[in-house]
1. Out of (1) touching a residue at least 24 places away in the same chain (Cβ under 8 Å); (2) within 14 Å of chain B (Cβ to nearest Cβ); (3) surrounded by fewer than 23 Cβ atoms within 10 Å (Cβ to Cβ), the odd one out for A:L119 is which?
2. Quick check, is A:G15 within 16 Å of ligand 1 (Cβ to nearest atom), open to solvent by 30 Å² or more (accessible area, probe 1.4 Å) and free of Cβ contacts under 8 Å to residues at least 12 places away in the same chain?
3. Test A:H230 against the stated conditions and say whether it is touching a Lys or Arg at 6+ places or on another chain (Cβ under 9 Å) and either within 25 Å of A:L166 (Cβ to Cβ) or open to solvent by 10 Å² or more (accessible area, probe 1.4 Å) (or both).
4. Only one of these conditions is not met by B:L326: (1) modelled with pLDDT of 80 or more; (2) in a helix (DSSP H, G or I); (3) open to solvent by less than 50 Å² (accessible area, probe 1.4 Å). Which number is it?
5. Given the options A:H55, A:H11, A:H21, name the one that is in contact with a helix residue (DSSP H, G or I) (Cβ under 9 Å, 6 or more places away or on another chain) and over 29 Å from A:G139 (Cβ atoms).
6. Test A:T133 against the criterion of being in contact with an Asp or Glu (Cβ under 8 Å, 6 or more places away or on another chain), more than 24 Å from B:I11 (Cα to Cα) and within 9 Å of chain B (Cβ to nearest Cβ), and give yes or no.
7. State whether one or more residues within segment A:219-233 are modelled with pLDDT of 85 or more, over 23 Å from A:H11 (Cβ atoms) and in contact with a strand residue (DSSP E or B) (Cβ under 8 Å, 6 or more places away or on another chain).
8. Checking A:F35 against (1) facing chain B (nearest Cβ under 10 Å); (2) more than 16 Å from A:D153 (Cα to Cα), which single condition isn't satisfied?
Amino acid sequence: MNQAIDIQSVHKHFGRKVAVHDLTLTIPRGELFAFLGPNGAGKTTTIKMICGLLHPQRGTIDVCGHRMGINGLAGKAKLAYVPDQPFLYDKLTGREFLLFVGEMYRVPAAEQKRIIGELTERLVMGDFLDKLTESYSHGMKQKVVLSAALMHDPEVLIIDEPMVGLDPRTVRVVKDLFRERIKLGRTVFMSTHTLGVAEAVADRIGILNHGRLVCLGTMDQLRAQAAAQHSLEDIFLDLTHPELQPGDGPGAETIPEETPRDKGDSHVVES
Amino acid sequence: MSSNPDATVAILHSPIGVYSLVRVKVVALRNRVSQAIADSPIKFLATTALLGVVWVGLYLLFVAVFAFLKQSRMEAAIAIPMVFSFFFVAMLVMLTVSNAIIAYTSLFAVEEAVYLLSTPVPPRAYVWLKYIETLIFSSWSLILLGLPLMFAMARANSDAAGYYYLFFISFFVCFVPIPGAAGLVLAWLIARFLDRNVRRRLIITAAVLLAGGLVWTIQTVTTEDAASDQWLTTFLLRINFVQSVMLPSSWVVNGVEAAIESQTTLALSYLAVTIANAMFLSVVAVRVVSWKFMSAFDRALSSRGGERSSAASPAVGLAGKVFFYLPMGQRLIAAKDLRTFVRDPVQWTQLVVLFGLMALYLVNVPKLSGAKPLEGWGMVIPFLNYGALSFILATFTSRFVFPLVSLEGQQRWLVGMLPLTPWQILISKFAFAMTVSTFVAFSTTVLAVIMLKMPFEWAVLQVVVTVATCFGLCGFAVGIGARLPMFEQRNAARIANGFGGTVNLVVSVMLVLTMLSGMGAVGYHNRTRGFDESLDLSTLMIVGVMIVVALSGGVAALIIGSRYLRRAEI
Ligand SMILES: Nc1ncnc2c1ncn2[C@@H]1O[C@H](COP(=O)(O)OP(=O)(O)OP(=O)(O)O)[C@@H](O)[C@H]1O
Ligand SMILES: [Mg+2]
């Protein structure tokens, strides 16, 4: 009921290629969740399903209690999605784009102005916000896209690879922004390869490998599970070792046998 | 704060409509134009002026053609309504197909779709937006081509009243959504119900059927009694279908004809029928497509780049062998371009459709060798064939060949690594373009000369001129593409529509017009002689000049392009 994102037994395959296999994952409100996994693990696919862009062949997804399906407008109104390839209209200025997004989400005009002003200052966008977005560097685009996602103060913020191409100062600002949202009771779901960021800010971490959730828990719980390893990097490399997963089919078993099962909401998923 | 339930209710109650989406596009367009003016006003003016030149050139060409047709009164009576009907039927087919292609790519295959559909934009508003965009994209080139044709028609019928022009433009604008709606539904059906393998099989079946039908028609036509003077009747019967009352194109044809004859009420009622149908069909099409749109979107997204690589397909395998005459490095580049071309249906479907229409028209043209009911007519048909063919080729080279060099700029590091000079790179692009365009142009021309039962000498002349035109057009597209490149742009359509693309289009059209005047001169010179007599010296000289113009133009463009690239140090 009080879940921000509720994924139940979701399965998605493209032709014969299984991208997400029987995934069950619930994210409570007010959590910052980091979604990790090697290239091609199925992170982007999962995210697109949460946003209602792809439909799972089996299973259900709810966002803030709204079923994401054929008609997921209610759920979509609650979330904001930042794709891995940021989208902007070339021939709009950053500001025009932000205003358009504000209108799309029916944000009152005064509110739009306030939010744009605040984000411009924090993300240092003043120099370029009134230029056409086609002239932006990758990082500038990321900043505008991120701001667009924050325009309507979404209940759930879903970001695919937020930190790629951002300078260290901006990474810090973005981390702070995320933490502030969590304090306000909003939810952040991010997929990332930057383990350091995940380690530093995430409340919980999930590791996906070959479409299966192989690991889920807080940083402490993960450390407890994998007694020998101390850094997230070691845990990640260990759980996603290529030799442990021959082939990409659903038959691949991915969990190291000796990993202890934990109590509470930390567990290693078995298929 | 908008996270409260009220905001969500507001979004769901009055979700963003298509107006807001269109408004964003209008703002973007305005920015684009003011940027173009601010960046380089001269370039902007030049582009506009060049487009004007194309437009006026086409208009003058059509006027000349109609005047030529009118020289013999009977031809005018037959040919003008025929050109008219054929033009609109061709438009109906072409617009349906090009709308389907553009709608498919813009509905399902762009980052914009992924973004907008993750927001609470109702699918129906999104579909409306894409429908409107598709209509504009697919019809603007036809506006460029169609308006001069129709205005020339009006001039040919000197009794047409002044308001004819108004009527014609209204007919044109109201007609476009009809094939547009059909194309939209077609695109949706493909995404919704056909998976990759079925689609592939369907395309192959259609191609086989088309080829079979073509062969059959050629056989029946060529075995008919050559001496028969019934050809006119047969011909008119054959094209009768293009004037069927149920076809939207015939409403336009009848309406415009009524307008020419100053029958205002009749013209108005045809216009009303067209408008009513256009509106009704648009609403139905958008409703159908937005119904369960997200599940069609899911399919389209999921089936992209499926598991099976088409590396094994014979066409792709052949690509490596076609360019055996090039040295290794150049061969690789040319083969890569050909593979990309074969794998991208957006590129070849349009070419196939255009030439399919050409073929359809050709098999309907009677053989003329034995029958000489009308003096001069015999020269007109090959002239028109050549004209249509070279315009199609010019479309192909400026849309698909021109961007090739610019697109290579994305992989600058890759091409930079290959031990090739700019000249060698341009030659491999040129080889690719020549291969594709000569293949289609050659087969169409051969079909034409067979259908017309042209004597051997004339057939060779037609083929040689066509190949020379290919050479010139490909040289221009590659050479100008290198001289005026847009290396930052990834979108091929945008590259083609940019400044360099416009220059190339204009130069290509000018080449085509020059070649057409040459063909016209040949036709005029031989107007009393006909095909039975062999080529005389003046004919050969005119053709010689034409060939020299085309070849030297192409080579000059290639040289200019490669010089520029060498200096730019790609
Ligand atoms: N449209 C598609 N058609 C076919 N296969 C797809 C499609 N989209 C994704 N896949 C496949 O599904 C698997 C998961 O892809 P996905 O993009 O979800 O990975 P990811 O975890 O986001 O990887 P990365 O870290 O590289 O972004 C991959 O094997 C990919 O090849
Ligand atoms: Mg991804």
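The values are calculated or read from the model by the stated rules, or taken from the named source; none is laboratory data. Here the structure is a predicted model, which is why all the values come from computation and not from measurement. Because the Cβ atoms are built from the backbone with ideal geometry, glycine has one as well, and the counts that use them run over all protein chains shown. For the accessible areas, the whole protein counts, side chains as well, though only heavy atoms, and no ligand, DNA or RNA atoms are used. Shrake-Rupley method; radii C 1.70, N 1.55, O 1.52, S 1.80 Å.
1. Tallying (1) touching a residue at least 24 places away in the same chain (Cβ under 8 Å); (2) within 14 Å of chain B (Cβ to nearest Cβ); (3) surrounded by fewer than 23 Cβ atoms within 10 Å (Cβ to Cβ), A:L119 fails exactly one: (2).
2. Working: within 16 Å of ligand 1 (Cβ to nearest atom): yes; open to solvent by 30 Å² or more (accessible area, probe 1.4 Å): yes; free of Cβ contacts under 8 Å to residues at least 12 places away in the same chain: yes.
Yes: the conditions hold for A:G15.
3. Details: touching a Lys or Arg at 6+ places or on another chain (Cβ under 9 Å): yes; either within 25 Å of A:L166 (Cβ to Cβ) or open to solvent by 10 Å² or more (accessible area, probe 1.4 Å) (or both): yes.
Yes.
4. The one condition B:L326 does not meet is (2).
5. Numbers: A:H11 fails: in contact with a helix residue (DSSP H, G or I) (Cβ under 9 Å, 6 or more places away or on another chain); A:H21 fails: in contact with a helix residue (DSSP H, G or I) (Cβ under 9 Å, 6 or more places away or on another chain).
After applying the criteria, what remains is A:H55.
6. Working: in contact with an Asp or Glu (Cβ under 8 Å, 6 or more places away or on another chain): yes; more than 24 Å from B:I11 (Cα to Cα): yes; within 9 Å of chain B (Cβ to nearest Cβ): no.
No.
7. Filtering segment A:219-233 for residues modelled with pLDDT of 85 or more gives none.
Among the residues of segment A:219-233, not one is modelled with pLDDT of 85 or more, over 23 Å from A:H11 (Cβ atoms) and in contact with a strand residue (DSSP E or B) (Cβ under 8 Å, 6 or more places away or on another chain), which makes the answer no.
8. Of the numbered conditions (1) facing chain B (nearest Cβ under 10 Å); (2) more than 16 Å from A:D153 (Cα to Cα), the odd one out for A:F35 is (1).
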